[in-house]
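Q: Following this message is one structure expressed as structure tokens.
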Amino acid sequence: MAGYIIAVAGGKGGVGKSVFAANLAYAFAQEMRLNVLLLDFDGKAGGDQSFITGLKPKKTLKDVAEFSGAFDPRSIMPFLTTDPLKVSTIGIPNDPVAAEQIDPEALGKFLKAVTNIFPLTIIDAGNDMTPLAFKGIEYATLVFLLTTPDLLAVNQTKRLQSELLTQMVPKEAIQIVLTQYVKGHPVTPEIVGQQMQKPVFSILPKDDQNCTAALSKSRPVMVLAKSSAYAQSIIETVRKMNQRNVLKTLAALNRAPVVQAKKSSSGGAGGASGGSADPKDLGKSPWIEVKRRIHRGLVEEMDMKNAADGKDPKAKLILREQTKKIVVDLLNKEDTRGVIGGREQMNQMVKEILDEALGLGPLEDLLSDKSISEIMVVGPHRIWYEQNGKIKLSEIIFTDDRQVMNVIERIVAPIGRRIDEKVPYVDARLPDGSRVHAIIPPCALNGGTITIRKFPDKRLTHKDLVNFGSMTMEMADFLRISVEAHKNIVVSGGTGSGKTTLINVLGGFIPSNERIVTCEDSAELQLPQEHVVRLETKPASLEGEGAVDIRLLVKQCLRMRPDRIVVGECRGGETLDMLQAMNTGHDGCLTTVHSNTPRDCMGRLETLVQYAGAGLTQRAIREMIASAVHMVVQQSRLDDGSRRITYITELGGMQGEIITLQDIFIYKQEGINKQGKIVGKYMATGFIPKFVETLERKGYKIPRGIFTNPG
């Protein structure tokens, strides 16, 4: 059976919590005949436990945190200093700076292991709730809060109690101990109980004589004066806990399994297991019902719409903490028996409510996972995601259709866009630049559909693409030369093939002294240069007026003295304006087009020009394309999910009615390995682009070796 952990904390200094913790350890060892571990987590008063017990620890918690092995009865022995009375201790560094350097997470692993070694562990958590103290309390079965019969101390202890409740410590696990009490004092235990909203568990009398004598000899009162009033009150506390089975009851409360919640929660404790649950029943579980009631109560307490609009990170953090306190208070008023069965379940419930109230609900966990590149919501009960090139079904779900709509509205509102039955689709972006598309009923038959293309935290460079195997260094060098030489480049590829990432990399090759204007439907490009003008389309107003499309932006940017024009994607009549710009002195333009091969790209450009309605002949359009575009870079997503540049192709003018294309680099697929990954190699065709000689005459030094295959 796993052991128990008791944490002892004080609302303020001077209440005697360190003396109580030490004597409690010795009382349990003597009365219950247990091996007790006493840990000092009070970094601000390092060495107090050593002074109280007279035990000089061999090792400190810093040594424990830095230990890389597994803890068992044998490996823990070198860290312990043990009293013949069955109390072992591990101290904390006397230097507060060294104490602050202790990794709380490492101690969390230690506390988890120590319950299998010692039947009881007492932690002196101090009165300042440092990360170290919180980590000790996180693993505690019971938390004793000590206060003196002083209204200021009681008020500080009440504040600490509220803080612990906000940190998901169950209210049943917090017990109040009144210390230094003298009969006849105006602040009685009843008054303290009323202030703390729970009865005092134990009363320790004021016994300065015996406590001072014990401290002067560096031994606990339980050892030197066991018959004293102070020692007897601690023994009474231990017996009371034993008679009521306090620790056993609290441990069962904290670890109780919850079966009902596992079908319907938005994550962790309540993920829909692989989508096997019936969607019709997911919104009816007790877990969901509790969340709905708390959310309604939260809306009554706070103006959540205005609260969610804050953009200041500090303000958001403060708002989340304030909201968390309200949520915990509301949960404490709820009857959650059979729904929330422990601290982990409580943590999960509060997190889900906060994510729904202030964030993007169940999508928050997927957005924070760096390995996930795309999130696809299909109605409230199906969330798919792409990880390492593979699409998987998530276990997390939305509560209902209304929650999906709330998330969509929360995404589009900050950037001035809207979605409703009249216009049931929208393109938007998240604050980090991630691209979002949403479509709702009546067009989306399965409910609100959201597709999020996540934006990487770190801007990728050509070196990253080389390391990923998306191209070779020779190809990267050639593309850099082409961009610097003001060649017009079209990046071609299918959906999700990496076109935007590649155009970001190519844009990074543009010299920093040039003025760049970008035109996009939803601003995604993140170019490293300082002189960048970013333009974004605008949907029509409710009256159907004021829409600004890509074509209008391209026309506007021609009047903005651009050195480079970068169009996020050509998908309509703006293609004609883009080609005209390329043909009229704006060399070095970049854009993307949806197509599968460089040859398909030519046909696609020809079709898109016709959308402009200019009435140009087919030959005139082809001549314009052949004159304007210098190169096509084909980006492809292969069957194994990897992304590769499969062609770098030069346009060589017209031959009869056909635009001539000449491949410079190609990717040749050779097979599939045992892991299911595609095996292939990049090859130079040996063809040297026509513009290379022109560049060399201008002074560019281009190594001809990049156009040949090694060895």
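The values are calculated or read from the model by the stated rules, or taken from the named source; none is laboratory data. Computed from a prediction, not measured in an experiment: that's the story for all the values here. Glycine also receives a Cβ, built like all others from the backbone with ideal geometry; neighbour counts cover every protein chain displayed. With ligands, DNA and RNA removed, areas are computed over all heavy atoms of the protein, side chains included. Shrake-Rupley method; radii C 1.70, N 1.55, O 1.52, S 1.80 Å.
Q: I'm trying to understand the selection: among the residues of region 632-644, which are open to solvent by 30 Å² or more (accessible area, probe 1.4 Å) and within 17 Å of ALA476 (Cβ to Cβ)?
A: ARG643, ARG644, listed by residue number.
Q: If you don't mind, another one. Mind listing just one residue for me: the one in region 669-703 that is among the charged types (D, E, K, R) and within 17 Å of GLU474 (Cβ to Cβ) and, of those, farthest from the chain's Cα centre (by Cα)? So that I can check it myself, show each step before the final result.
A: Filtering region 669-703 for residues among the charged types (D, E, K, R) gives 670, 674, 677, 681, 690, 693, 696-698, 701.
Next, only the ones that are within 17 Å of GLU474 (Cβ to Cβ) stay: 681, 701.
Working: LYS681: 37, LYS701: 46 Å.
Among them, the one singled out is LYS701.
Q: Among the residues of region 578-600 satisfying the criterion of being over 38 Å from the mean Cα position of the chain (by Cα) and more than 17 Å from LYS487 (Cα to Cα), which is surrounded by the fewest Cβ atoms within 10 Å (Cβ to Cβ)?
A: Selected residue: ASP600.
Q: It is to be established whether one or more residues within region 238-257 are over 30 Å from VAL327 (Cβ atoms) and open to solvent by less than 40 Å² (accessible area, probe 1.4 Å).
A: Initially, region 238-257 is screened for residues over 30 Å from VAL327 (Cβ atoms), giving 238-245.
Then drop every residue that is not open to solvent by less than 40 Å² (accessible area, probe 1.4 Å), which leaves 238, 241.
Yes: region 238-257 contains one or more residues that are over 30 Å from VAL327 (Cβ atoms) and open to solvent by less than 40 Å² (accessible area, probe 1.4 Å).
Q: Let me ask you something else. Taking PRO104, is it of a type outside the set (Asp, Glu) and within 29 Å of the chain's Cα centre (by Cα)? Don't jump to the end; show me each part of the working.
A: On the way: of a type outside the set (Asp, Glu): yes; within 29 Å of the chain's Cα centre (by Cα): yes.
So PRO104 fits the description; yes.
Q: I need a count of the residues in region 205-235 that are touching a strand residue (DSSP E or B) at 6+ places or on another chain (Cβ under 7 Å), surrounded by fewer than 19 Cβ atoms within 10 Å (Cβ to Cβ) and not charged (D, E, K, R).
A: Result for region 205-235: 2.
Q: When you go through VAL566, VAL554, VAL629 one by one, which is the residue that is crowded, with 22+ Cβ neighbours inside 10 Å, without any contact (Cβ under 8 Å) to a residue 40 or more places away in the chain and not polar (S, T, N, Q)? Step through it out loud before you land on a result.
A: On the way: VAL566 fails: without any contact (Cβ under 8 Å) to a residue 40 or more places away in the chain; VAL629 fails: without any contact (Cβ under 8 Å) to a residue 40 or more places away in the chain.
Matching residue, one of VAL566, VAL554, VAL629: VAL554.
Q: With the checklist (1) open to solvent by 10 Å² or more (accessible area, probe 1.4 Å); (2) closer than 24 Å to TYR230 by Cβ; (3) not in a loop (DSSP other than H, G, I, E, B) in hand, flag the one item PHE134 doesn't pass.
A: (2)
Q: Among the listed residues LYS698, LYS674, LYS668, which satisfies the condition of being modelled with pLDDT of 90 or more and either open to solvent by less than 70 Å² (accessible area, probe 1.4 Å) or more than 29 Å from GLU574 (Cβ to Cβ) (or both)?
A: So the residue among LYS698, LYS674, LYS668 that is modelled with pLDDT of 90 or more and either open to solvent by less than 70 Å² (accessible area, probe 1.4 Å) or more than 29 Å from GLU574 (Cβ to Cβ) (or both) is LYS668.
Q: Let me ask you something else. Against the condition within 17 Å of ARG435 (Cα to Cα) and open to solvent by less than 60 Å² (accessible area, probe 1.4 Å), how does GLY544 come out, does it pass?
A: Values: within 17 Å of ARG435 (Cα to Cα): no; open to solvent by less than 60 Å² (accessible area, probe 1.4 Å): yes.
No: the conditions fail for GLY544.
Q: Right, another one. Return yes or no: is PRO431 out of contact with any Lys or Arg (no Cβ under 7 Å at 6 or more places or on another chain) and more than 23 Å from ILE516 (Cα to Cα)? Working first, answer last.
A: Details: out of contact with any Lys or Arg (no Cβ under 7 Å at 6 or more places or on another chain): yes; more than 23 Å from ILE516 (Cα to Cα): no.
So PRO431 fails the test.
Q: Out of the residues in region 466-517 that are under 14 Å from THR646 (Cα atoms) and of a type in the set (Ser, Thr, Tyr), which is most open to solvent (accessible area, probe 1.4 Å)?
A: Once the filter is applied, the top-ranked residue is THR472.
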